Ligand code: SF4
């Protein structure tokens, strides 16, 4: 059975910067409940794993996205300007290590987060505006072959996982 790495806040853990969770219609949907009952979902928060407490100041990626952060060409900054890039990079590497340790090949991460964003990030100037781009953890997971979906893409994730399981069972079928 394929397991999925999931942003801990999507699964109800109050680990966001403001000590809230990110449960929404998507995590209350039947699919998530079904997966949770099967024990498929591994909750993980890269920012806690990187050493941040709860609560913490909000942070955004300035001057790029996760790819530029990993290349050392952009910083993650807290509101107020303090650079906190190293904690985001550490959290991303810990997420990758955990996924690899468990043989996980798919993840569902929280859209818009500087760690977990899949398609969108905040602009980097704390204006509330958004830009296209992946968070630091999403970028690192994707680079290592782990497909990352946002919480709004759970159906796509389900199709991907079903495909992986079909391939695995075909490869274990005895030759006739
Ligand atoms: Fe949720 Fe990811 Fe932010 Fe942790 S780092 S609070 S899991 S969005």
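Please treat every number below as a calculation from the coordinates, not as lab data. Treat the numbers as computed from the prediction; the structure is a model and nothing was measured. Methodologically, a virtual Cβ is constructed for each residue, glycine included, from the backbone with ideal geometry; neighbour enumeration extends over all protein chains shown.
Mean-square fluctuations from a GNM of the chain, with a 10 angstrom spring cutoff on Cα atoms, peak among 138, 85, 27 at 27. Shown for 137, 168: other C-beta atoms within 10 Å of each C-beta, ranked fewest to most, produce the order 168, 137. Each residue in 97, 130 was given a count of other beta-carbon atoms within 10 angstrom of its own, and listing them fewest first yields 97, 130. Neighbour counts of other Cβ atoms within 10 Å put 93, 144 in the fewest-to-most order 144, 93.
For the Cα atoms of the chain, what angle does the longest principal axis make with the long axis of helix 85-101, in degrees from 0 to 90, nearest 10? The two axes meet at around 10 degrees. Among 157, 29, 59, the largest mean-square fluctuation in a Gaussian network model of the chain (Cα springs under 10 Å) belongs to 29.
Using a Gaussian network model of the chain in which every pair of alpha carbons under 10 angstrom is joined by a spring, one finds that among 111, 165, 60 the greatest mean-square fluctuation is at 165. Shape call for the range 73-143 from the C-alpha gyration tensor, a ≥ b ≥ c root eigenvalues: rounded (a/c under 1.5), prolate (a/b greater than b/c) or oblate? Oblate is the answer for the range 73-143, as a/c is 1.5 or above yet b/c matches or exceeds a/b.
Angle of helix 154-172 to the longest C-alpha principal axis of the chain, folded into 0 to 90 degrees and rounded to 10: 40°. Relative contact order for the range 23-168: 23 percent, from Cα pairs under 8 Å spaced at least 6 residues apart, divided by residue count.
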